[in-house]
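The values are calculated or read from the model by the stated rules, or taken from the named source; none is laboratory data. In this text the structure is predicted, and so the values were computed from the model without any measurement. Here the Cβ is made from the backbone with ideal geometry for all residues, glycine too, and neighbour counts use every protein chain on show. Side chains are part of the model used for accessible areas, which takes the heavy atoms of the whole protein and leaves out ligands, DNA and RNA. Shrake-Rupley method; radii C 1.70, N 1.55, O 1.52, S 1.80 Å.
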Amino acid sequence: MIYLDYSATTPVEKSVLDTFVKVTTNYIGNPNSLHKLGFEAKELIEASTLQIANILGIKPNEIIYTSGATEANNMALKGICFKYKNRGKKIITTHLEHSSILKEIPFLEENGFIVEYVNLDENGLVDLSDLKSKLDDEVILVSITAVNSETGLRQPVEKIGEILKDYPKVLFHSDITQIIGKDNIDLTCIDLASFSAQKFYGMKGIGALIKKENISLEPLIHGGASTTIYRSGTPATALIVSMAKALRLATDSLDEKKKYVKELSNYLKENLQSLDVVLNSNDYCLPHIVNFSLNGIKSETMLHALETKDIYISTKTACSKGDYSDAILALYNDKKRASTSLRVSISNLTTKEELTEFVKALSSYLNSLKIS
Ligand code: PMP
């Protein structure tokens, strides 16, 4: 098998799974129970939370555990809008957000909020002067993803956070799901950030919303206090502990991993240049994602052809169900390009041999599928 779909999800790291099994087996108590078993589970969660906080450069009480980034994104947008609705009604975002943000927008609009999309420059980056011009008194939230999941395009979120420091009424949320474990990110000027463990070799079903301690939030789920008052439900001890482990492992030797992935990515791009495809990822994209469009072949046809050779890639994000890629359409305003795009996502587990095999298979299908 050649797996080139790491941005859709990663396989669980063996030692992370071992931690999950051990904690599930040995820490049976509800962390909120008042007896010894509850206390032991709570202590373990607190140690893991401290570890996550230290890695991300935040405080332990700024972590709200969720089922993943979808829930965290919903919690951030709806939670902030409903909490601060008396301050203003406007949200600013981009057309490059994940579906768990873009699909929330009609709901927010039905509830009286106004959503504006910031312009992108010729490289797909947020046009900072357009952003500034949109920051009127009605704006309560800016939500801009750190790395687009389809192209790997990295937005200057640290710079955007700096700009927004001059607008104390405006909160800044960033979906950092596709950057965690792939590159460093400074969260100093970001008020809220969402991520999911399944993108860095953790278990599916756990993620978090980081919410800086000076900010409040209307919870999506009401009930008992859990680990915070913002998201009720019995804390998922084993998922939390295993996420801390996954994060530690993923951020370990990050510079070496980044260098290796960059080399692989360059090798892949060089090989693609000799084929009848057009690259959609540019120099502002993380090397982990290489997106390109085909000429006259539907992306799904190619995806399934490659599947018969046990090679796995994506047409767009697994969470988006349209006929074309929203991100490629937003970037190039070209429906043909957006309906023939493919995403190859690699990791430090990928080998050069796998990419050679992939390019060989792609090249042969580019010829055979076009003729038929
Ligand atoms: N945001 C981004 C940028 C993503 O890539 C994903 C996963 N495809 C999500 C949010 C949602 O993550 P989850 O499915 O774990 O909730």
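Of Lys352, Lys14, which has the most accessible area and how do the rest follow, probe 1.4 Å?
Numbers: Lys352 105, Lys14 135 Å².
Accessible-area ranking of Lys352, Lys14, largest first: Lys14, Lys352.
Could you work out what % of the accessible surface of the stretch 14-251 is carbon and sulfur, using a 1.4 angstrom probe and leaving DNA, RNA and ligands out of the count?
Values: 5170 of 9700 Å².
With neighbouring chains kept in place, the figure for the stretch 14-251 is 53 percent.
What's the longest uninterrupted piece of the chain once you rule out the GluC sites (Glu not before Pro) that are loop residues per DSSP with at most 10 other Cβ within 10 Å?
214-372
With 24 Å as the limit, write out which pairs from Lys90/Lys182; Lys103/Lys335; Lys132/Lys335; Lys85/Lys211; Lys103/Lys257 have Cα-Cα distances beyond it, or answer none. Write down the numbers at each step before the final one.
Details: Lys90/Lys182 32 Å; Lys103/Lys335 20 Å; Lys132/Lys335 30 Å; Lys85/Lys211 18 Å; Lys103/Lys257 34 Å.
The answer is Lys90/Lys182; Lys132/Lys335; Lys103/Lys257.
Quick one: angle between helix 69-83 and the longest Cα principal axis of the chain, in degrees between 0 and 90, rounded to 10, please.
50
Please give the calculated 222 nm ellipticity per residue for the chain, where each DSSP H segment of at least 4 residues contributes -39500 (n - 2.57) and the sum is spread over every residue; nearest 500 deg cm²/dmol? Please list the in-between numbers first.
On the way: 13 runs with 150 residues, N = 372.
Dividing the helical sum by the residues of the chain leaves -12500 deg cm²/dmol.
Sorted from largest down, what three extents in whole angstroms do the Cα atoms of the stretch 14-251 have along their principal axes?
The principal-axis extents, from largest down, are 56, 35, 28 Å.
Just how large is the dipole of the chain about the Cα centre, in debye to the nearest 20, putting +1 at every Lys and Arg Cβ and -1 at every Asp and Glu Cβ?
Working: 42 positive and 46 negative charges, 115 e Å.
That gives a dipole near 560 debye.
Using a 1.4 Å probe and ignoring any ligands, DNA or RNA, find the accessible area of Leu329 and quote it in Å² to the nearest 10.
That residue has around 40 Å² of solvent-accessible surface.
With the dipole of the chain worked out from charges on the C-beta (+1 for Lys and Arg, -1 for Asp and Glu) around the Cα centre, which of Tyr324, Cys81, Ile185 lies farthest toward the positive end?
Cys81
Can you give me the accessible area per residue for the chain, using a 1.4 Å probe, in Å²? Don't jump to the answer; show the numbers that get you there.
Working: 16290 Å² over 372 residues.
Roughly 44 Å² per residue, with all protein chains present.
Roughly how much of Val12 is accessible, in Å² to the nearest 10, using a 1.4 Å probe?
60
Within the stretch 229-327, report the trypsin sites (Lys or Arg not before Pro) that DSSP leaves as loop and that have at most 16 other Cβ atoms within 10 Å. Working shown, then result.
Working: sites: Arg231, Lys245, Arg248, Lys257, Lys258, Lys259, Lys262, Lys269, Lys298, Lys309, Lys316, Lys321; in loops: Lys298, Lys309, Lys316, Lys321.
Passing both the DSSP loop test and the Cβ count: Lys298, Lys309, Lys321.
Give the relative contact order (percent, whole number) for the chain; include only Cα pairs under 8 Å separated by 6+ residues. Mind showing how you got there, number by number?
Values: 707 pairs, mean separation 84.8, N = 372.
This gives 23 percent for the chain.
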